[in-house]
Structures are given as C-alpha cells and as structure tokens.
1. Within the stretch 121-139, which residues are touching a helix residue (DSSP H, G or I) at 6+ places or on another chain (Cβ under 6 Å) and outside any strand (DSSP E or B)?
2. Given the conditions (1) closer than 22 Å to residue 242 by Cα; (2) surrounded by 20 or more Cβ atoms within 10 Å (Cβ to Cβ), report the number of the one that residue 177 does not fulfil.
3. When the residues of the stretch 68-112 are filtered to those that are assigned to a strand (DSSP E or B) and in contact with a helix residue (DSSP H, G or I) (Cβ under 6 Å, 6 or more places away or on another chain), which remaining residue is farthest from residue 141 (Cα to Cα)?
4. If a residue has to be farther than 18 Å from residue 215 by Cβ and without any contact (Cβ under 8 Å) to a residue 40 or more places away in the chain to count, how many in the stretch 33-52 make the cut?
5. Considering only the stretch 194-208, how many residues are more than 17 Å from residue 113 (Cα to Cα) and either in contact (Cβ under 8 Å) with a residue 40 or more places away in the chain or surrounded by 14 or more Cβ atoms within 10 Å (Cβ to Cβ) (or both)?
6. Which residue is farthest from the chain's Cα centre (by Cα), if the candidates are limited to the stretch 19-32 and must be in contact (Cβ under 8 Å) with a residue 40 or more places away in the chain and over 14 Å from residue 92 (Cα atoms)?
7. Which of the numbered conditions does residue 238 fail, given that it passes all the others? Conditions: (1) out of contact with any helix residue (DSSP H, G or I) (no Cβ under 8 Å at 6 or more places or on another chain); (2) modelled with pLDDT of 90 or more.
8. Given the structure, is residue 61 at pLDDT below 95, surrounded by fewer than 22 Cβ atoms within 10 Å (Cβ to Cβ) and over 23 Å from residue 242 (Cα atoms)?
C-alpha cells in the first residue's frame, strides 16, 4: 500500500452535538482514493502523534471527518479555523466490503456512527441502526435518510428514539438482513457478533489507539483467529474492518 501525506484545507468546522465536531477538508488528490470504512491520520499542531479519525464521507476532492473531543489533540482540532491548513495521511486501512443486491444492516454506536454514513451510501435501501447514550449526542440522522436509508435511532436513556440498545433492534429485524456491518464500542461489537453468529455474515470495525497508522508500531495490536490459529494483527493496517469471526473479542 502506498502511503501519502498531503496538505488539506479546512473548509468546514461545526459542532453538531455536545463535544462532537464535523470537519470537511479539501484536497485535489487523496479524497478520491477513499473507500468506506477507511480512516485519516490527522497531524495536530503542537502534537507528535497524529489522531486517527474515521472517514465519514468523501467526494473526489473532500473528506468529511466527524470526531469527538476526548483529549488535548481533539480539543485543538475542534478550535481550528476554516481556511487553516491541515496535514493528513490518508486514506488508511482496509474498509467494509459491500456487495450489490444484498440487504445490509449498518450499525453504529456513539462515535462509531460516522463511518457508517459513507458505507451506507454504497448499498441499496440499507437499514441503519444508531445508538447513543442520550439525545445530546445524536448525530447524522438526516444524513442517513438523505442517503436513502431506513434509520432506527436508539438511546440508552430513552431521551430520543427507542429506549434501548442497537442489539434489541437487530434481534427483531435479523430475519430480513443479509449482512451486518458495525462500528462502535467493543461490548456492542461483541454482542452483535454473537447475535449474527451462524446466521448472517458480520463485518466489524474496531476502534483502537494508534501510533503510526501504517503498521510500523505495536500500539494497535489486535488478537485475531485466522485459519484456526490465534495471533495478532494491526488494526491500522490489517483492519480496522474484520470479519467478526476473525476477531477474539
């Protein structure tokens, strides 16, 4: 894989929910290479390590990156101004594999929701299930609907949508689904993988801390089971998307 770092121009920076920011960055070359489920590694001013941000959406000249402020790096990113220059290494990782003619269910939990938007755009009439802690964190519902998806919203406290978890909806709708793609917290992914086991194929995207983003360091090592043997792979290079049965959750 060829790795390319280039300068992008920040053309949008908007807070769309509590502590969650919606970036659009522009570049003439790299966005057109992006595939659903891949990520970008963003150079933050004053910080040594880049921040991995899932690609929420892409055009031939723009990447949309939706992130949550969780530390100093993302705090700096949230305060950057439209017109600022950003150094980004992208696109990285292996994304979701979407087949024509199959009924997909895309599931996102929390900040695992953004990468499902570009992924949902690759399928026909998809079902999208999103889960959030409460209504203050709900994002991208209208974007999914504009993409032609049926959207089911759940919240842990019932303050918006269905009071419950994404897994509750998945269990109810499983018999109409051909394949599941999911991104979110490990407990959620583990539960989804168990529901899908021996019933429908399931791809999961892992959220891990990363150092280099290209498989050179060991920060994002993930325990996997390939050909019946357990070992370790790198989420940044071998993932972030895996078949659920390959990951030891």
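The values are calculated or read from the model by the stated rules, or taken from the named source; none is laboratory data. Just so it is clear, the structure is predicted and the values come from calculations on it, not from any experiment. Note that each Cβ is placed from the backbone with ideal geometry, even for glycine, and that neighbours are counted across all protein chains shown.
1. Across the stretch 121-139, the qualifying residue is only 126.
2. The one condition residue 177 does not meet is (2).
3. So, considering only residues that are assigned to a strand (DSSP E or B) and in contact with a helix residue (DSSP H, G or I) (Cβ under 6 Å, 6 or more places away or on another chain), the one farthest from residue 141 (Cα to Cα) is 91.
4. 5
5. Step one: of the stretch 194-208, the residues more than 17 Å from residue 113 (Cα to Cα) are 194-201.
When the remaining residues are screened for being either in contact (Cβ under 8 Å) with a residue 40 or more places away in the chain or surrounded by 14 or more Cβ atoms within 10 Å (Cβ to Cβ) (or both), the result is 195-197, 200-201.
Final tally of qualifying residues: 5.
6. Of everything passing the filter in the stretch 19-32, 27 is farthest from the chain's Cα centre (by Cα).
7. (2)
8. Working: at pLDDT below 95: no; surrounded by fewer than 22 Cβ atoms within 10 Å (Cβ to Cβ): yes; over 23 Å from residue 242 (Cα atoms): yes.
Against the criterion (at pLDDT below 95, surrounded by fewer than 22 Cβ atoms within 10 Å (Cβ to Cβ) and over 23 Å from residue 242 (Cα atoms)), residue 61 does not qualify.
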